[in-house]
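This report refers to the structure that appears directly beneath it.
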Amino acid sequence: MKLSLKWLNDFVDVKDVKPEELAEKMTNAGFEVESIEYKSKGMERVFVGEILKLEKHPNADRLQVCSIDVGFEKVQILTAATNVFEGALIPVALDGADLPCGVLIKTSKMRGLESQGMLCSGQELKIDNSVYDGAEIDGIMILHEDYKLGTPIAEVLGLDDVVLDVTVLSNRPDCNSVLGLAREISVILNRELTLPALDYVESDRKCEDYIDVDINTDRCLRYMASVVTDLKICESPKYIKQRLNAVGIRSINNIVDITNYVLMEIGQPMHSFDYDKIDDKVIEIRNAKNNEKVLALNMEEYELDTKDTVIADSHKILAIAGVMGGFNSGINSMSKNLVFESATFVKGGVRATSRKLGLSSDSSNRYEKGVEPAFCEIGLKRALHLISSLGYGNICKGIVEETLIDIKPKRLSFDIKDITKLLAVEISNEEITNILERLDIKVNIENDSILNIEVPAVRNDIANISDIAEEIIRIYGFDKVQSTLLNTTSYCKRNKNLKLDNISLLKNKLVDCGFVELNTFTLSNLDYVKKLNLSNFNREEVIAISNPLNEDLKYMRTNLADSLLNVIQYNERHGNKNLQIFEI
Amino acid sequence: MKDKIVEMLNKGLSDLVSKTSSREIEEVRVKYLGKSGELTAILKDMKNYEPEQRKEIGAIVNSARKELEDKIAEYKAKFEQEEMDKKLKEDAIDVTMPAKNVRIGALNPITIVQNKIINIFKDLGFDIYDGPEIDFYEYNFDKLNIPADHPARESQDTFYIDDKRLLRSQTSTMQIRVMENSKPPIKMISTGKVYRGDELDASHSPIFYQLEALVIDKNVTLADLKGTLDYLAKSLFGSDVSIRMRPSFFPFTEPSVEVDITCSKCKGKGCPTCKNSGWVEILGAGMVNPKVLDNCGIDSKVYSGFALGIGIERVVLGLSEISDIRILVENDVRTLNQYK
Ligand SMILES: [Zn+2]
């Protein structure tokens, strides 16, 4: 998953840590960083400047001479652009700039006058309107807000960010979010974790008067709904747009952006329905009926069956659960009231539907990895906090929910000796306590020897002593483990494997006689029956693969001759003659 | 007498000019300078002359002899060089058109690497087992603690035969078979083909080879795994490589690690091959998950163990200049002959 360091800084301060160093520490703790992307690459020498004076070039009609103040110095730059004016704030690339478009900027003379840099267009900075409104105009990009002269342009554009591409292991779906990784990083760096704000102001209207939730399938574990009235649909604030943009999500409008923001930040997929398009105030989560059809947000119609799960009102399908909303229930710029969905659908169900329909979304991708029910509430409250603090609508009192499972911390007990014995490291009880508590695991050590822990509900991966040993060692460091060579293991009685010994002997004899050993595929088609003229061939005896990659890899071969003939044919074609080959 | 000697010398020199091989030159040498050669005979005859004459004739014979010897040596060297060049040329031709009786075979690179690793583990006292490529779901998934909704079970990842059997997607199946059939202590390896639903490309093949090692005993620790990995890496890639264990996840081991070795291309400094990290991943390993031990009827309260799995093709690539695994299934005899 893509992790914006600017976003990460909301929860754990890593401003003084070099991204490369952070990446290595994360990799060593089980969060491999595949790549580090500097969003500001090429903009290191581009700053906000003001055009103080504009004059015609005495020797060139098409050129203008600009006197520019970039805060820390004044420069003279020649430009052919016609959209510049005195007083304009513009991006100025100074001598030495190696721009994102690939152009290297050097001080040079044009028709007798020196030009100490270049005024940039959006194209030269490789940005579009989604990064900065007006970036796509023909000419120099004119900055339409006030900035301090000399501010790095990356800061103005919100590109003063570094994005890490992190591989989150499949047993840690709780870390597919900024918050999840922030918690891990706070443990790795031994720094404080700031939790996201979840508070919001509620109106007098009661949510339960507006909507009812009813789960009628075992493919949904938890469903929470909240109603927002007097909705204001508009653009998102700049920081939300920039953060989404940094991790590859395009800004749509404030509401869609909030659902995406919560998905990335908390790891909880969210959906928003237009409240006024829901009939009879009821949201039912149920299995689809056979041949039931739905028009999805992407304007495609899908035919479902009982293996699919849907969100429906009394008359129609509102969404394909966890995969995509319905076209007729979505919000648009005219929407007045909305319902937020924050739910837990089982991963197998979402995956099966997504595969069958050939339809996936950021939401379905997340559900397929597994979303813990405990996140429903945090995600929904985070979305409501954003609505409330940004003034996008009035939030009805209370949350309507149905939850079919227990969401409780898990209590486990181990003998500390067993853990340190398995890991073969000397680690103090204090250190164990410190590591686990920072991972949000409650610790109580009895008599210096028994470790009692309480594991938060989102850590589904911790169940036995090995799991807790792994948590300790991955933070403590595998590099601190000694190397021993089975000193303490007992002598094993030796079993001779005569079959393998004989095969090895046979291979060596054949090689001595000049034969070359092949490695051919054990899967094949049935062509060899014809090729080898096998009259007594019995098709019943051939073992077939039920889901082959292709026809040529459909059957377990019953015959080596066919493979050898293919090899001979290949080698003859490549000029290798007089072959002596074998395969066992 | 003097004239006779000069005549003999000239005859000898002209004899040399007409010769075309080092063997013929040798014949000339024997004719004049050999034990019963013509010049030698004159020296042998010396006793028939007066002492003054002896001295004079002796000097003439020796200078003639010296001149002839030098010339012979010169010709001989020339012909020997020519003959050597010619022989080398002929030998070179022999390679492209294999001679009938000097043919040398070759083990497949896969076998060579398998043998290397097998021998390393045999030295450590491991037994070697082989097992079926067609196996039950149970051995490939259930008993390895791979849950029913795990993506590895999807039809795009694993080849199925019917509702019970599949083509094993990992040699870990053999861990289960051995644990079920023998009591600890266990120190075993197993190697062979495994199958996964990947199209053939530069780094994937639907059929490839793995090697699996398993140790189960009382008191087996993470340090034993690290020591074994270190021994394996150094035996296989050279004593100057170091290993790094990174936390990872496999359902059948806990803790699980990916094991990296120092990048051989840059010696750990960072290069494109290792994505500037200085490390190259070679295998996965871990302490056997207690659930797996229990699944096989081994008391996880008493016994512990470790397991590791290596992709053979990856090691072949690591030990050679090849970067495309398709070359390993092409079976071009000329390529195969280059591994020894
Ligand atoms: Zn390297």
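The values are calculated or read from the model by the stated rules, or taken from the named source; none is laboratory data. Bear in mind the structure is a predicted one, so any value in this text is a computation, not a measurement. Glycine gets a Cβ as well: all are built from the backbone with ideal geometry, and neighbour counts include every protein chain shown. Remember, those area values only see protein heavy atoms, side chains included, never the ligands or the DNA or RNA. Shrake-Rupley method; radii C 1.70, N 1.55, O 1.52, S 1.80 Å.
When residues of the stretch A:479-496 are filtered for being open to solvent by 10 Å² or more (accessible area, probe 1.4 Å), within 9 Å of chain B (Cβ to nearest Cβ) and modelled with pLDDT of 85 or more, how many remain?
Number satisfying all stated conditions: 4.
Which of the numbered conditions does B:K301 fail, given that it passes all the others? Conditions: (1) open to solvent by 80 Å² or more (accessible area, probe 1.4 Å); (2) more than 8 Å from the ligand (Cβ to nearest atom); (3) under 23 Å from B:S235 (Cα atoms).
Condition (3) is where B:K301 drops out.
Any residue in the stretch A:25-47 that is hydroxyl-bearing (S, T, Y) and at pLDDT below 90?
Scanning the stretch A:25-47, I find no residue that is hydroxyl-bearing (S, T, Y) and at pLDDT below 90, so the answer is no.
Just for the stretch B:295-330: of the residues that are free of Cβ contacts under 8 Å to residues at least 12 places away in the same chain and outside any helix (DSSP H, G or I), which one is farthest from the other protein chains (Cβ to nearest Cβ)?
By that ranking, first place goes to B:E321.
Can you name the condition, by its number, that A:N559 falls short on among (1) without any contact (Cβ under 8 Å) to a residue 24 or more places away in the chain; (2) more than 10 Å from chain B (Cβ to nearest Cβ); (3) in a loop (DSSP other than H, G, I, E, B)?
A:N559 satisfies every listed condition except (1).
Looking only at the stretch B:257-264, decide whether some residue is open to solvent by 20 Å² or more (accessible area, probe 1.4 Å), in a helix (DSSP H, G or I) and either within 16 Å of the ligand (Cβ to nearest atom) or among the charged types (D, E, K, R) (or both).
No; the residues of the stretch B:257-264 include none that is open to solvent by 20 Å² or more (accessible area, probe 1.4 Å), in a helix (DSSP H, G or I) and either within 16 Å of the ligand (Cβ to nearest atom) or among the charged types (D, E, K, R) (or both).
Can you name the residue in the stretch A:1-38 that is within 10 Å of another protein chain (Cβ to nearest Cβ) and more than 13 Å from A:L181 (Cα to Cα) and, of all such residues, is most open to solvent (accessible area, probe 1.4 Å)?
Among them, the one singled out is A:E24.
Scan the stretch A:115-123 and tell me whether some residue there is outside the structural domain of A:K18 (by TED's automatic domain parsing), free of Cβ contacts under 8 Å to residues at least 12 places away in the same chain and not in a helix (DSSP H, G or I).
No, every residue in the stretch A:115-123 fails to be outside the structural domain of A:K18 (by TED's automatic domain parsing), free of Cβ contacts under 8 Å to residues at least 12 places away in the same chain and not in a helix (DSSP H, G or I).
Quick check on A:Y528: is it more than 10 Å from chain B (Cβ to nearest Cβ) and at pLDDT 90 or above?
When the stated conditions are applied, A:Y528 does not pass them.
In the stretch A:103-114, what count of residues is obtained for those that are modelled with pLDDT of 90 or more and part of a loop (DSSP other than H, G, I, E, B)?
Selection size over the stretch A:103-114: 4.
Only residues that are more than 15 Å from the ligand (Cβ to nearest atom) and open to solvent by 40 Å² or more (accessible area, probe 1.4 Å): list them for the stretch B:234-251, please.
Matches in the stretch B:234-251: B:K234, B:S235, B:S239, B:F249, B:F250.
Does A:I233 satisfy the criteria of being under 30 Å from A:I127 (Cβ atoms), out of contact with any Leu (no Cβ under 7 Å at 6 or more places or on another chain) and open to solvent by less than 30 Å² (accessible area, probe 1.4 Å)?
No; evaluated as a whole, the condition is false for this residue.
Could you look through the stretch B:167-185, keep only residues that are over 22 Å from B:I216 (Cα atoms) and more than 9 Å from chain A (Cβ to nearest Cβ), and pick out the one that is surrounded by the fewest Cβ atoms within 10 Å (Cβ to Cβ)?
Across the stretch B:167-185, the extreme among qualifying residues is B:S169.
Looking for whichever is at the interface with chain B (Cβ under 10 Å from one of its Cβ atoms) and of a type in the set (A, V, I, L, M, F, W, C) here; the options are A:L523, A:L436, A:L505, A:L534. Which one fits?
After applying the criteria, what remains is A:L523.
Filter the stretch A:417-433 for residues that are at the interface with chain B (Cβ under 10 Å from one of its Cβ atoms) and under 34 Å from the mean Cα position of the chain (by Cα); which is most open to solvent (accessible area, probe 1.4 Å)?
A:L422
For the stretch A:504-552, how many residues meet the condition of being in contact (Cβ under 8 Å) with a residue 12 or more places away in the chain, in a helix (DSSP H, G or I), open to solvent by 20 Å² or more (accessible area, probe 1.4 Å) and not acidic (D, E)?
5
Only one residue in B:E254, B:E330 is of a type in the set (D, E) and either within 16 Å of the ligand (Cβ to nearest atom) or open to solvent by less than 60 Å² (accessible area, probe 1.4 Å) (or both). Which one?
B:E254
So the check is Cβ under 7 Å with 6+ separation or different chains; which pairs have a first residue in the stretch B:218-240 that's facing another protein chain (nearest Cβ under 7 Å) and without any contact (Cβ under 8 Å) to a residue 60 or more places away in the chain and a second one that's open to solvent by less than 60 Å² (accessible area, probe 1.4 Å) and of a type in the set (G, A, S)?
Listed by first residue and then by second, the contacts come to B:A223/A:A424.
How many residues does the stretch A:382-402 hold that are under 28 Å from the mean Cα position of the chain (by Cα) and surrounded by fewer than 17 Cβ atoms within 10 Å (Cβ to Cβ)?
Of the residues in that region, 2 qualify.
Output the qualifying pairs, or none if there are none: Cβ atoms under 6 angstrom, residues six or more apart or on different chains, first residue in the stretch B:254-274 and among the basic types (K, R), second residue within 8 Å of the ligand (Cβ to nearest atom) and not in a strand (DSSP E or B).
Cβ pairs passing all conditions: B:K265/B:C271; B:K265/B:T273.
Which of the residues belonging to the stretch B:101-132 are over 21 Å from A:K496 (Cα atoms), open to solvent by 20 Å² or more (accessible area, probe 1.4 Å) and facing another protein chain (nearest Cβ under 7 Å)?
B:R103, B:I104, B:L107
Output the residue which, of all residues in the stretch B:186-209 that are in contact with a helix residue (DSSP H, G or I) (Cβ under 6 Å, 6 or more places away or on another chain) and among the polar types (S, T, N, Q), is least open to solvent (accessible area, probe 1.4 Å).
B:S190
For A:G379, indicate whether it is open to solvent by 20 Å² or more (accessible area, probe 1.4 Å), small (G, A, S) and closer than 19 Å to A:G267 by Cα.
no
Can you tell me which residues in the stretch A:415-450 are part of a loop (DSSP other than H, G, I, E, B) and closer than 23 Å to A:R183 by Cα?
Matches in the stretch A:415-450: A:I427, A:S428, A:L439, A:D440, A:I441.
Looking at the stretch B:268-294, which of the residues that are over 27 Å from B:I312 (Cβ atoms) and more than 12 Å from the ligand (Cβ to nearest atom) is nearest to the other protein chains (Cβ to nearest Cβ)?
Here the answer is B:P290.
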